[in-house]
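Student: First the structure, which I've put down as structure tokens, then a few questions once you've had a look.
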Amino acid sequence: MRRTFADAAGQPGRRGFIALAGAAASTRVWAQSPPVIGYLGSESPERYASRLAAFREGLADSGLAEGRNVAVEYRWADGQYNRLPALAKELAGLSPTVIVAPGGAEVALAAKSATTKIPIVFEMGGDPVALGVVESLSQPGGNMTGVSSLSVEVSRKRLEFMREVRPTAGRFTFAVNPRSPTSESQTKNLQAAATALGVELIVLKASAEAEFEALFTTTRSEGAGGLVFSSDPYFAYRSQQLAALAVQHKVAAITQSRDFPLAGGLMSYGGDFSQSHRQAGRHAGRILKGEKPSELPVQRVTKVELVINLKAAADLGIAVPLSLLTSADRVIE
């Protein structure tokens, strides 16, 4: 069953700039040289591989192909999010036709700080209006538009699902990245959910890989029924590492990314990143063909997917309720 909510190729080089020989940057005209996309990534091309594939599909929907009729200049922060503002300014200094800032609020806000003139297409799981990225979803205003999913909004559902598989547990842990612009709102959301469920919530913070293992050892030492991850790109892009730790420490955990249960973790619940990145490609294509970001509504990707790994459940001694299994978008045997 699909859960929805109502609406409101090869990997690139790290600085892969493909342009027609001899084309002057100041005269980027379709007939003479391809338009240029500045692409700002918070991680590496390897971690973005599946997202990049979806983005290119979105460009293809507009009849665009990298290296044929559009050029892309990439900048990668390699997980060092404090580098994003400088990388965004570097891209803006190249005067691309449009800047694409996918992968979360941190990337969007860095791009926003770099230019008020170059069109920007963002992709994030949070609310772009609440974060001050756009004026409204229908009329963004300014130079930014993009795509927003429901990953942040449904964070509390992860705690509810964890309680369903561990109904007798009175305590759960919640992992949050304190550097995320949405960390405070997600923590308040989860604390409210915990109160409604009548359980205790222990908030754990992690903003570096070296802090990951403590999330799982603390969950065990506190006797918590499971570990719930906030929606955060830093966690999502490290799903395999988190899944390995969950298996090693025998901890029931749920994240936003399907990559987590695919790698051996218990569950995931969050927005469909393939759909949101593809839509970001479509938005970029529409701007390249002349539409203004101020008049191009922010696209809300409303599909939310629940993925359950039954092997992980069995290893943890968890009998997943039939009601949860029948509502899952994917069950891994």
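The values are calculated or read from the model by the stated rules, or taken from the named source; none is laboratory data. As the structure is a prediction and not an experimental result, all values here were calculated from the model. Quick reminder, even Gly has a Cβ in these numbers, built from the backbone with ideal geometry, and neighbours come from all protein chains shown.
Student: Say we look at the stretch 190-214 and pick out the residues that are crowded, with 19+ Cβ neighbours inside 10 Å and part of a helix (DSSP H, G or I); which of these is farthest from the chain's Cα centre (by Cα)?
Tutor: Step by step, filter the stretch 190-214, then rank; the result is Ala194.
Student: Also, I was wondering about something else. Please give the number of the condition Ala86 fails out of (1) more than 17 Å from Ser294 (Cβ to Cβ); (2) hydrophobic (A, V, I, L, M, F, W, C); (3) surrounded by 15 or more Cβ atoms within 10 Å (Cβ to Cβ).
Tutor: (3)
Student: Something else: Any residue in the stretch 70-90 that is on the phi > 0 side of the Ramachandran plot sitting within a Cβ distance under 6 Å of a residue that is surrounded by fewer than 20 Cβ atoms within 10 Å (Cβ to Cβ) and of a type outside the set (Phe, Trp, Tyr)? List the pairs, counting only those 6 or more apart or interchain.
Tutor: These pairs meet every condition: Asp78/Ser44.
For every residue, the table says whether it meets (1) crowded, with 24+ Cβ neighbours inside 10 Å; (2) touching a Phe, Trp or Tyr at 6+ places or on another chain (Cβ under 7 Å).
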position	(1), (2)
Leu91	yes, no
Ile120	yes, no
Val129	no, no
Gly132	no, no
Glu135	no, no
Gly146	yes, yes
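Student: Let me ask something else. When the stretch 49-75 is examined, which residues are found to be of a type in the set (Phe, Trp, Tyr) and either in contact with a helix residue (DSSP H, G or I) (Cβ under 7 Å, 6 or more places away or on another chain) or closer than 17 Å to Val147 by Cα (or both)?
Tutor: Initially, the stretch 49-75 is screened for residues of a type in the set (Phe, Trp, Tyr), giving 55, 74.
Listed by number, the list holds a single entry, Phe55.
Student: Got a sec? Which strands (runs of 3 or more DSSP E) wholly within the stretch 219-333 have at least 1 residues that are of a type in the set (Phe, Trp, Tyr), under 29 Å from Val121 (Cα atoms) and modelled with pLDDT of 95 or more?
Tutor: 227-229, 267-271
Student: Residue by residue through the stretch 203-213, note down the ones that are of a type outside the set (Asp, Glu) and closer than 23 Å to Asn189 by Cβ. If you could, list the steps in order and put the result at the bottom.
Tutor: Restricting attention to the stretch 203-213, the residues satisfying the condition of being of a type outside the set (Asp, Glu) are 203-208, 210, 212.
Matches in the stretch 203-213: Val203, Leu204, Lys205, Ala206, Ser207, Phe212.
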